[in-house]
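A.B. asks: Here it is, the structure in full.
Every read-out reported here was derived from the displayed coordinates using simple, explicitly stated rules and does not represent laboratory data. Not measured: the values here are computed from a predicted model. We place every Cβ from the backbone using ideal geometry, glycine too, and count neighbours over all the protein chains shown.
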Amino acid sequence: MSEHVAPPVLSTRKFSLWYGSHQAVIEVDLDIAERQITAIIGPSGCGKSTLIRAFNRLNDLIPGVRTAGEILFRGEGIYRRGVDPVAVRRHIGMVFQKPNPFPKTVFENVAFGLRINGFQGNLKDRVAQALVQAALWDEVKNDLHRKTGYDLSGGQQQRLCIARALAVEPEVLLMDEPCSALDPIATAKIEDLIRDLARSVTVAIVTHNMQQAARVSDWTAFMLLGELVEFGPTREVFTRPKDSRTEAYITGRFG
Amino acid sequence: MVLTPHSLGRAARGRSRRERLATVGLTTAGLLAVVITFTIIALFIQGSVPFLRKVPLGEFLGGTRWAPIHEPASYGILPLVGATVVTTGIALAVAVPLGLLAAVFLSAYAPSSVRRVLKPALELLAGVPTVVYGFFALRFVTPLLQGFIPALGFWNGLSAGLVMGIMIVPYMASLSEDVLYAVPRSLWEGAYALGATRFETVVRVVIPAALSGIGAAFILALTRAVGETMIVALAAGRTPTWPPDPTKPLLTLTTAIVNIATGDHEATAFIWAAVFAIGLLLFLVTLALNTVSYLVIQRYREKYA
Amino acid sequence: MTGRRTVGWAFAALAGAALGVSLVVLIVLIVITALQAGPITAMRAVAEAGISLSLRSMDVPSTRESLSYSTIAQVEAGSPASGLGMARGDALVAVAGVPVDRPSRAWDAVGAAPGGYEVTLPVAWIPRSEITLGALRATSVAGETRVVLTSPSPAAQGGGLRAGDVLLSAAGIPIVGTRQAWEALVVAARTQGTPIELTLERGGELQVIAWDPTARAELRFVRNPLRAWWTFLTTLNEPRYPERAGLFPAFVGSVYVVLVMAAVAFPLGVAGAVYLEEYAPNNALTRVIEVLVANLAGTPSAVVGIIGLEVFARALGAGRSILAGGLTLSILILPMMIVATREALRAVPQTLREAALAVGATRWETVRHHVLPYALPGILTGTILSFSRALGEAAPLLLLGAFLFVTYVPRGLGDSFTVVPLQIFEWATRPQDGFATVAAAAIVILVTLLLVLNALAIVLRNRFQRRWSG
Ligand SMILES: Nc1ncnc2c1ncn2[C@@H]1O[C@H](COP(=O)(O)OP(=O)(O)OP(=O)(O)O)[C@@H](O)[C@H]1O
Ligand SMILES: [Mg+2]
């Protein structure tokens, strides 16, 4: 697979995060390369979701959250003063574990981000383009204004959420276990989709499923108890892990 | 690219201005409760000052004669406090056992289909206007009671208190039911697993676990009874009596306020100061009770969240 | 083991009985009250025949008795009653053969008469003194009042009375004054029927003549309950006569006051709740606000009424107007609105907020476009319940000094007003016959309205719960 050629879009510098007094992320240093897929794996509760949510400051919503260190987006610290988290999220989109469409029509789901961001172009085209990108267009093109997000199947809902995120042309797409609520067929579709997307956008994906990480990602980060234990090209991490804890995890000895 | 080019500074000017505006507006609305409360306190203290300057606190709180428009005027509040205690006591004696038992029945015994129907029905009944209960007390309960107690006056504290109790039953039942329902199922199951009957589970495990919440519900019922105005204004009469006798007309703290406020006195008359003094007393008492019950319920919720 | 079972069952029975008894008592209360409103149909029938009655009484000094009778206090021009020659000041003595001692007797007689919506019943009345008797003069002879008929009316002449007759008693009721002469005839006609044995002194001699001064006619009454209730709801209030009582001014007053309250309490309540739920930092100030909101919700309405009077009516100069009333009620309802809205906001899934934020929405855009629309049914349910509570509130408006005798329909925010619960309070405190009936009728209307609103809230909740829970 690809080598470490592209400059990092996102990088963390000794990034730590506390929920009240509990430290969930401990001094993590990680680079996420442009237009590549980085998978974050690790046992439950090790801080994967916390870290990925830190990338677009969604943790700001949780009372009592404190951070230290830095996360740089194209060299700019997103936790620095004067940075508007709204602008951060506009460039760094997210897809969640459980599909969470808005209780509105399919069209409005995708158009919302464009509308609030003051999109000037042809709204219909852009919505259609996002739906095509998310491989959902053929299934919903006749019901854009009739069906609500809730009327779709689970896999369709998740692809709608991906289309919604893509519509505003984010530079990074964060995905937190996007397939864990889906059946194997829907999962396969999304995995294909993620590979396609990486041609135009940087993807960071959290997954519990090591096969999935091995199948889709270029880079893999392994976390344990809030720490980043190992980070490297996916093939290496899975075939020649440097750390014995990584090896124990991927061979299924714990987790 | 038609969207704004990437930069992590502020979003477009219109949007961030709207955002600031919304924040300011919403914060103001949020602070309104504080403003209202302090206005009430300030107003009542300011209004009571002339009263407390003229009437010594000891005479106000310890006096047994309330005659603000007589010559010489007398401002002993004990008859009003006594009347409130009598009507509230009667009301709670009815409402607390009935409400609590009804809540136990709903949460422990009633099938869920019955519960689904009766809970909203209770809430509906709790919303019947109090003036309706007052009418009922005056026109039916008093004549009914006079059949048993010939000495009972046309206006009396007994019938007002009883009807107030009936009125509070749904309120007490609904509050206690919420509290009992919040006791985790695991606690019930733990007791069942030890071979306890349903009765033993309720009495030995669930009620003790819910005791603080039930206490808070009791306090809320109490403040409701203390603050009730229309039932006593209609059925208990407007005569200050000392010592308070439930078979005779009574003047409660709330009806004393109504009496003066509807009495066509000059806005500058000294008697208004008495309204503020009584109002301040009522407000402080209910403030204390409400705060205690709120904090207790909050703690209770956290315990079983 | 069986002992434990028995105790358990006894307890279950007790708890069930407590719930059952409470529900039954409450429902019986409302049903009894509704039944009290029954006579309103007959009352309106009498009023529409043109007659308003009021209770009078005659004192009999010798026996210290007080004998009641009903005068016709008002006869509507152009009504059937005025067509029969009835007029203000006449006394109604019998309806359908039932002697009328007090107004409610006449209404009951009309209500109880067999027949359909329309009945034609015999009525008997004694026209006012000038027509029945003529001119009278009281003279005092040796400390005793003697009532002399100075100029008999045609009716009196027809009955055999002459000028100069001294009227002594009617059916044993002594006549001690000019007013009592006629009253004695009225009371005698009611208690002992006609003809009346009238004892008089003519030319120094006692004479007894039998005389029937009553006028009789057939009067048509329309006993239509629908029409009676509709008229009650839609006519102006005539505060003196319960049969002409109307709920319209109070109803309009209630609607206006609740609208003003809604305009204030709805936005502020929702905004306050959004602040507490979506914006407020997790700090001491926020907790203080929460305690104060809970406190305001439990503040006695009498205390809120004083605030209304002092701040809105006096300090802000709104007077005893609809504006002041609406503002006062909004203080009462604001905390309820906040609590209800917060509950609805708490039911909005966190993932919905995250989804909006993740595409670059600001906090306000998230709230405005996603959180509020999602929570709207819940907010509306809470709003309806709070508003129906406000619709029944009387105490704060009583203190504010909402007028109890409003006989006109308020037109603007600055007008004085009354509201339905206050009108009920006012009617409930009136001792005269019939006011209890109209109070009960107003209660029926108010409680029905609240039931409808509550049902609406429940329907709303159920419908939207189903829609978004898929
Ligand atoms: N809102 C929160 N408040 C307090 N602690 C939290 C919160 N969210 C997560 N935590 C804690 O932070 C740690 C990391 O949680 P996180 O959700 O990031 O784990 P994860 O790796 O995503 O787990 P999973 O695989 O189960 O999703 C855990 O110990 C968790 O208990
Ligand atoms: Mg996770």
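A.B. asks: Rounded to the nearest 0.05, what FRET efficiency is calculated for C:Gln432 and C:Arg88 with R0 set to 22 Å and r the Cβ-Cβ distance? Could the numbers behind the result be given before it?
C.D. replies: Details: r = 18 Å, r/R0 = 0.81.
Here the calculated transfer efficiency is 0.80.
A.B. asks: For chain A, just the Cα set please: Rg and Dmax, both in angstrom.
C.D. replies: Values for chain A (Cα only, Rg and Dmax): 18.0, 54 Å.
A.B. asks: Using only Cα atoms, what is the ratio of the radius of gyration of the stretch C:40-125 to 2.2 N^0.38 Å?
C.D. replies: The value comes to 1.12.
A.B. asks: Please state the charge dipole magnitude for the stretch C:130-212, taken about the Cα centre, from unit charges on C-beta atoms (+1 on K and R, -1 on D and E), reported in debye and rounded to the nearest 20.
C.D. replies: Numbers: 6 positive and 8 negative charges, 27 e Å.
My answer is approximately 120 debye.
A.B. asks: Around C:Ser68, which amide H atoms from residues at least 5 apart in sequence, or from another chain, sit under 5 Å from its own amide H, with H modelled in the peptide plane?
C.D. replies: C:Met58
A.B. asks: Give me C:Thr366, B:Thr39, C:Thr234 ranked fewest to most by other Cβ atoms within 10 Å of their Cβ, as a rough exposure proxy.
C.D. replies: Numbers: C:Thr366 22, B:Thr39 14, C:Thr234 11.
The most exposed by this proxy come first: C:Thr234, B:Thr39, C:Thr366.
A.B. asks: Over chain C, what is the relative contact order in percent, taking alpha-carbon pairs closer than 8 angstrom and at least six residues apart? Mind showing how you got there, number by number?
C.D. replies: Numbers: 792 pairs, mean separation 68.3, N = 470.
Relative CO of chain C lands at 15 percent.
A.B. asks: Pull up the cross-link candidates among the aspartates and glutamates for A:Lys141, meaning alpha carbon to alpha carbon under 18 Å and not fewer than 8 places away within one chain.
C.D. replies: In chain and number order, the partners are A:Glu108, A:Asp125, A:Asp151.
A.B. asks: If one takes the longest principal axis of the Cα atoms in chain C, at what angle in degrees, from 0 to 90 and to the nearest 10, does the Cα axis of helix C:225-234 lie?
C.D. replies: The helix C:225-234 is inclined about 70 degrees to chain C.
A.B. asks: Still on this structure: Defining a contact as two alpha carbons under 8 Å apart and six or more residues distant in sequence, what relative contact order in percent does the stretch C:235-469 show? List each step's numbers first, then the result.
C.D. replies: Details: 313 pairs, mean separation 68.5, N = 235.
With pairs under 8 Å counted, the relative contact order is 29 percent.
A.B. asks: Using θ = phi - 60° and the Karplus form 6.51 cos²θ - 1.76 cosθ + 1.60, what ³J(HN,Hα) does each residue of the stretch B:173-178 get, whole Hz, x for Gly and Pro?
C.D. replies: Result, ordered by residue: 5, 5, 5, 5, 5, 4 Hz.
A.B. asks: With each label point set 7 Å from Cα along the Cα-Cβ vector, what nm distance links C:Val21 and C:Ser79?
C.D. replies: Those two pseudo-labels are separated by 4.8 nm.
A.B. asks: For the stretch C:98-116 and the stretch A:106-166, what is the separation of their C-alpha centers, rounded to whole Å?
C.D. replies: 74
A.B. asks: Go ahead and run the numbers for FRET between A:Arg215 and B:Val114, Cβ-Cβ distance against an R0 of 35 Å, rounding to 0.05.
C.D. replies: On the way: r = 54 Å, r/R0 = 1.54.
Working from the Cβ atoms, E equals 0.05.
A.B. asks: For the stretch C:159-311, what is the convex hull volume of its Cα atoms per residue in Å³? Could you put the intermediate results ahead of the total?
C.D. replies: Working: hull volume 36.7 nm³, N = 153.
Given the Cα convex hull of the stretch C:159-311, per-residue volume reads 240 Å³.
A.B. asks: Also: So if we plug the beta-carbon distance of A:Arg146 and A:Arg195 into 1/(1 + (r/R0)^6) with R0 = 30 Å, what FRET efficiency do we get, rounded to 0.05?
C.D. replies: Values: r = 31 Å, r/R0 = 1.04.
Using R0 = 30 Å, I get an efficiency of 0.45.
A.B. asks: Kirkwood Rh and Cα-based Rg: tell me the resulting Rg over Rh for chain C, rounded to two decimals. Write out the running numbers ahead of the final one.
C.D. replies: On the way: Rg = 32.0 Å, Rh = 27.2 Å.
We get a ratio of 1.17 for chain C.
A.B. asks: Another one. Could you tell me which residue out of C:Leu352, C:Asn462, C:Ile333 lies farthest along the dipole of the protein assembly as shown toward its positive end? Charges go on the beta carbon: Lys and Arg +1, Asp and Glu -1, centred on the Cα centre.
C.D. replies: Looking along the dipole axis, the top candidate is C:Leu352.
A.B. asks: With the contact rule set at Cα under 8 Å and sequence spacing of 6 or more, what percent relative contact order holds for chain B?
C.D. replies: On the way: 387 pairs, mean separation 76.5, N = 305.
Relative contact order, chain B: 25 percent.
A.B. asks: Give me the distance in nm between label points sitting 7 Å out from Cα along the Cα-to-Cβ direction at C:Val31 and B:Ala67, one decimal.
C.D. replies: Placing both labels 7 Å along Cα→Cβ, they lie 4.9 nm apart.
A.B. asks: Among A:Cys46, A:Cys161, which comes first, second and so on when ranked by fewest other beta-carbon atoms within 10 Å?
C.D. replies: Lowest to highest Cβ neighbour count: A:Cys46, A:Cys161.
A.B. asks: Rounded to the nearest 10 degrees, what's the angle between the helix C:103-112 long axis and the longest principal axis of chain C, both from Cα atoms, 0 to 90?
C.D. replies: 80
A.B. asks: Is there a quick way to get the dipole size of the stretch B:77-304? I mean about its Cα centre, with the Cβ of Lys and Arg at +1 and of Asp and Glu at -1; what is the value in debye to the nearest 20?
C.D. replies: Values: 13 positive and 10 negative charges, 105 e Å.
Approximately 500 debye in magnitude.
A.B. asks: Summarise the partner chain shielding of B:14-25 as one whole number: the mean count of Cβ atoms from other chains within 10 Å of each residue's Cβ.
C.D. replies: Mean partner shielding for this stretch: 4.
A.B. asks: Now a separate question. What ³J(HN,Hα) values, in whole Hz, does the Karplus curve 6.51 cos²θ - 1.76 cosθ + 1.60 give for the stretch C:6-17 when θ = phi - 60°, with x put for Gly and Pro?
C.D. replies: 4, 4, x, 5, 4, 5, 4, 4, 4, 5, x, 5
A.B. asks: To continue, here is another question. Per residue of B:36-44, how many C-beta atoms from partner chains lie within 10 Å of its own C-beta, taken as a mean? Don't skip to the end; give the middle numbers.
C.D. replies: On the way: counts 11, 8, 1, 4, 10, 0, 0, 5, 4.
What the average comes to for B:36-44 is 5.
A.B. asks: Further, regarding this structure: To the nearest 500 deg cm²/dmol, what mean residue ellipticity at 222 nm is calculated for the protein assembly as shown from DSSP H runs of n ≥ 4 alone, each contributing -39,500 (n - 2.57), summed and divided by the residues? Don't skip to the end; give the middle numbers.
C.D. replies: On the way: 40 runs with 542 residues, N = 1030.
Counting only the DSSP helices, I get -17000 deg cm²/dmol.
A.B. asks: As a test, work out the antiparallel percent of DSSP beta bridges whose residues both lie in the protein assembly as shown, rounded to the nearest 5. Don't skip to the end; give the middle numbers.
C.D. replies: Details: 77 of 94 bridges.
Percentage antiparallel, nearest 5: 80.
A.B. asks: If you take the Cα atoms of the stretch C:235-469, find Rg, then find the Kirkwood Rh from the mean of 1/r over all pairs, what is Rg/Rh? Can you show the working numbers first?
C.D. replies: On the way: Rg = 20.3 Å, Rh = 19.2 Å.
We get a ratio of 1.05 for the stretch C:235-469.
A.B. asks: Per-residue HN-Hα couplings for the stretch C:166-178, Karplus 6.51 cos²θ - 1.76 cosθ + 1.60 at θ = phi - 60°, whole Hz, x for Gly and Pro?
C.D. replies: Computed from phi, the couplings for the stretch C:166-178 are 9, 7, 9, 7, 10, 6, x, 8, x, 9, 10, x, 5 Hz.
A.B. asks: Projected onto the charge dipole of the stretch C:235-469 (+1 at Lys/Arg Cβ, -1 at Asp/Glu Cβ, origin at the Cα centre), which of C:Val409, C:Asn237, C:Met261 gives the Cα projection farthest towards the positive end?
C.D. replies: It is C:Met261, whose Cα lies furthest towards the positive end.
A.B. asks: I've got another one for you. Using a basic spin-label model with each label point 7 Å from the Cα along Cα→Cβ, how many nm lie between B:Arg185 and C:Leu236?
C.D. replies: 6.3
A.B. asks: Provide A:Val95, B:Val94, C:Val419, B:Val114 in ascending order of the number of other Cβ atoms located within 10 Å of each residue's Cβ, fewest first.
C.D. replies: Details: A:Val95 27, B:Val94 22, C:Val419 31, B:Val114 14.
Starting with the residue having the fewest Cβ neighbours, the order is B:Val114, B:Val94, A:Val95, C:Val419.
A.B. asks: Nearest 10 degrees, 0 to 90: what angle lies between the long axis of helix A:106-116 and the longest principal axis of chain A (Cα atoms)?
C.D. replies: Once rounded, the angle reads 70 degrees.
A.B. asks: With the Cα gyration tensor of chain B in hand, give its eigenvalues times 5 under a square root as the equivalent ellipsoid semi-axes, listed largest first in whole angstrom.
C.D. replies: Numbers: eigenvalues 331, 238, 60 Å².
Each semi-axis is √(5λ); the values are 41, 34, 17 Å.
A.B. asks: Rounded to the nearest 20 Debye, what is the dipole magnitude of the protein assembly as shown about its Cα centre when Lys and Arg each give +1 and Asp and Glu each give -1 at the C-beta? Walk me through the intermediate numbers first.
C.D. replies: Working: 89 positive and 72 negative charges, 325 e Å.
Computed about the Cα centre, the dipole is about 1560 debye.
A.B. asks: State the answer as a single residue: which of C:Ala112, C:Val270, C:Ala361 lies farthest towards the positive end of the charge dipole of chain C, with beta carbon charges of +1 for Lys and Arg and -1 for Asp and Glu, about the Cα centre.
C.D. replies: Positive-most Cα among the choices belongs to C:Ala361.
A.B. asks: Under a 5 Å amide H to amide H cut-off, with H placed in plane at 1.01 Å, what residues pair with C:Leu53 once short-range neighbours are removed?
C.D. replies: Those lying under 5 Å, H to H, from C:Leu53 are C:Ala73.
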